[in-house]
Amino acid sequence: MTVSSDDQFVGAIDQGTSSTRFLIFNLKTQQIVASKQIEITQNFPQEGWVEECPDEILESCIHCIDATATIFAELGLSTDQLKCIGITNQRETTIVWDPNTGKALHNAIVWCDSRASETVDKLIAKAPGGKDAFRDKCGLPIAQYFSALKIRWLMDNFPDIAQKLTSGEAMVGTVDSWLVWKMTNQHVTDVTNASRTMLFNINTLSWDQELCDFFGIPMSCLPRVCSSAEEYGTLSLSGFAGTPISGILGDQQAALVGQGCLRPGTAKNTYGTGCFLLQNTGEKPVQSQCGLLTTVAYQLGKDAPAHFALEGSIAAAGSVIRWLRDNLGLIKTSSDAEALASQVPDSGSFVFVPAFNGLFAPRWRPDARGTMTGITQFTTKQHIVFGALESCCFQTRDLFDAIAQESGSMPLSMLRVDGGMTSNKLLLQRQADLLQVPVERPQMSETTALGAAMAAAVGSGILDKDEISNLSPVERFDPVLSENDVSRRMHMWHCAVEKSLNSV
Ligand code: G3P
């Protein structure tokens, strides 16, 4: 890698559910010149609850930025060559804080936390039209996944938080807002993160009074909504203090941009803690008939049009591998999963539905529970690990079929993939087999961070949005399993899903 004192660089904070990264890209070559990643502690105080510490989230970002700044300096580069920083983040995860003390009033309630499921039931009963009552406005069904339900739960269970949010003594936001507020003192979010709250009208691109009233959340405590590419403020902390923050995108939308899926019909699937398949549908929101979400994909500039996507969300992907490591001790590191699974041709009759926090798209069943079926005396830990990996592929196939059925979408003849799990070749081969179409993995695996960096470069005026290019594929996986075998395995999967839906 050669770098020079004339080169321009762009940074990206990628604050995901499982880890935080800071990466610096060379603007011209899109290559990573320095990076640092650290794992985030997840707390599970009760069954179905998932929390993270807001201060740890912030400190992990500062730590990664500082460590990267040191590498950057060691390369002989000067801090003013870093032109801007983008932020991309785990979406929906909700933080409430007191702006006077700067302290969070509760742990972050993470997107996959299912504590608000009773709140969901009550609100669905009250909503005119049931769970899809507000799809036209916000593109989402009423589900505990979205921030409004988490805020409502906090207000119902902590009267002091409710009082502070109502009286203007507290602020609420997703992780991007928490970080930007801590780093610049501005209370802002971008359209993509706002579109995951259930309080945001995706047609008018603004907070919606009817939705705020329905959930009983004062609009005044919400951040100002900005585009995904503009200057929000300058970094006040760390080795790169003074650098503008000029891009914000939810992590799945950032991966869409990073993969260069800017044309309607293009799509990507990101295998992170969860797994998220997004298809760009252009400048008009397409309402789903098949259990997908309609979401803002990006708005690259204050005056630029918003683009939309259909999204299939899977709650558990990488988290299943983490569970094999932390709860069952079947593997020591995530990378062991491929080696173990490769020791068997498949999982035999064993099927694993990892509905740890219910099932998301296309079923939206918070009451589903994790289920293992088809266990015989022959079943080994290798089969279990294979089954865990295959569960991501089965779920993706369900989303793929849902996209094919949507009248407003375009069927996919291949799948572009990215995310931490895609270093696992067995997973990608299995994915191609179960989809019966090729799967392509790009050269740049850090597409999420790259998307945020590109948005920041556009927001700072050093890149035109038309210059965001397609990533050239490096590796392609073609299906080899016969259609019969695929149908048989999909049948086994759907039988197991039925059990998972009826397990409590
Ligand atoms: O909607 C949740 C999603 O943004 C989480 O992403 O990468 O942490 O699985 P990830």
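A short reminder: the numbers here are calculations on the coordinates, not readings from a lab. This is a predicted model, so every value here is computed, not measured. Ideal geometry is used to build each Cβ from the backbone, glycine not excepted, and the neighbour counts take in all protein chains shown.
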**Complete:** Along the dipole axis of the chain (charges at Cβ: +1 for Lys and Arg, -1 for Asp and Glu; origin at the Cα centre), the most positive-end residue among TYR298, ILE403, GLN81 is ILE403
**Given charges at beta-carbon only (K, R positive; D, E negative), |dipole| of region 105-165 in Debye** = 120 debye
**Fill in**
Summing -39500 (n - 2.57) over every DSSP H run of at least 4 residues in the chain and dividing by its residue count gives a helix-only mean residue ellipticity at 222 nm, to the nearest 500 deg cm²/dmol, of -10000 deg cm²/dmol
**Message:** How big is region 200-279 along each principal axis, measuring the range of its Cα positions in Å and listing the largest first?
**Reply:** 38, 37, 26
**Message:** Can you give me the C-alpha center-to-center distance between region 181-210 and region 298-351, rounded to a whole angstrom?
**Reply:** 27 Å
**Prompt:** region 38-113: which GluC sites (Glu not before Pro) are DSSP loop and have at most 14 other beta-carbon atoms within 10 angstrom?
**Reply:** GLU47
**Asked** Using a cut-off of 19 Å between alpha-carbon atoms, which lysines can reach LYS36, once sequence neighbours fewer than 8 places away in the same chain are excluded?
**Response** LYS83
**Asked** Where the centroid of each part is defined by its Cα atoms, how far is region 1-66 from region 440-504 in Å?
**Response** 20 Å
**Item:** Total charge dipole magnitude, region 9-248, about the Cα centre, Cβ charges on Lys, Arg, Asp, Glu only, Debye to nearest 20
**Value:** 380 debye
**Asked** Once amide H atoms are placed 1.01 Å from N in the peptide plane, what residues at a sequence separation of 5 or more from SER503, or on another chain, have their amide H within under 5 Å of its amide H?
**Response** ARG369
**Item:** In order through region 332-340: 3J(HN,Hα) via Karplus (6.51 cos²θ - 1.76 cosθ + 1.60), integer Hz, x for Gly, Pro
**Value:** 8, 9, 4, 5, 5, 4, 5, 4, 5
**Message:** Over all directions, the average projected area of the alpha-carbon convex hull for region 9-248 comes to how many nm²?
**Reply:** 12.8 nm²
**Complete:** Taking only Cα atoms of region 350-504, the Rg to Rh ratio with Kirkwood Rh works out at 1.04
**Asked** Could you give the dipole magnitude of the chain about its Cα centre, charging the beta-carbon of Lys and Arg +1 and that of Asp and Glu -1, in debye to the nearest 20?
**Response** 780 debye
**Fill in**
Among beta bridges assigned by DSSP with both residues in region 354-504, the antiparallel ones amount in percent, to the nearest 5, to 60 percent
**Fill in**
Subtracting the Cα-Cα distance of GLN186 and LYS381 from 0.36 nm times their residue separation yields 65.3 nm
**Request:** State the antiparallel share, in %, of DSSP beta bridges confined to the chain, rounding to the nearest 5.
**Result:** 70 percent
**Prompt:** Which percent, to the nearest 5, of DSSP beta bridges fully inside region 9-248 are antiparallel?
**Reply:** 70 percent
**Asked** Karplus couplings for region 62-76 from phi (6.51 cos²θ - 1.76 cosθ + 1.60, θ = phi - 60°), rounded to Hz, Gly and Pro as x?
**Response** 4, 4, 5, 5, 5, 5, 6, 4, 5, 4, 4, 5, 5, 7, x
**Message:** Please enumerate, by chain and number, the lysines with C-alpha under 24 Å from the C-alpha of LYS126, excluding those fewer than 8 residues away in the same chain.
**Reply:** LYS137, LYS150
**Request:** Per residue of region 131-144, in order, report the coupling 6.51 cos²θ - 1.76 cosθ + 1.60 (Karplus, θ = phi - 60°) as ³J(HN,Hα) in whole Hz, putting x for Gly and Pro.
**Result:** 5, 9, 3, 10, 4, 4, 7, 10, x, 10, x, 6, 8, 5
**Asked** In nm², what is the average projected area of the convex hull enclosing the Cα atoms of the chain?
**Response** 21.7 nm²
**Request:** Could you list which residues have their amide H under 5 Å from that of ILE331, counting only those 5 or more apart in sequence or on another chain, with H placed in the peptide plane?
**Result:** ARG325
**Asked** By a straight-distance test (C-alpha under 22 Å), which lysines pair with LYS425 as possible cross-link partners, with residues fewer than eight away in the same chain excluded?
**Response** LYS268, LYS332, LYS381
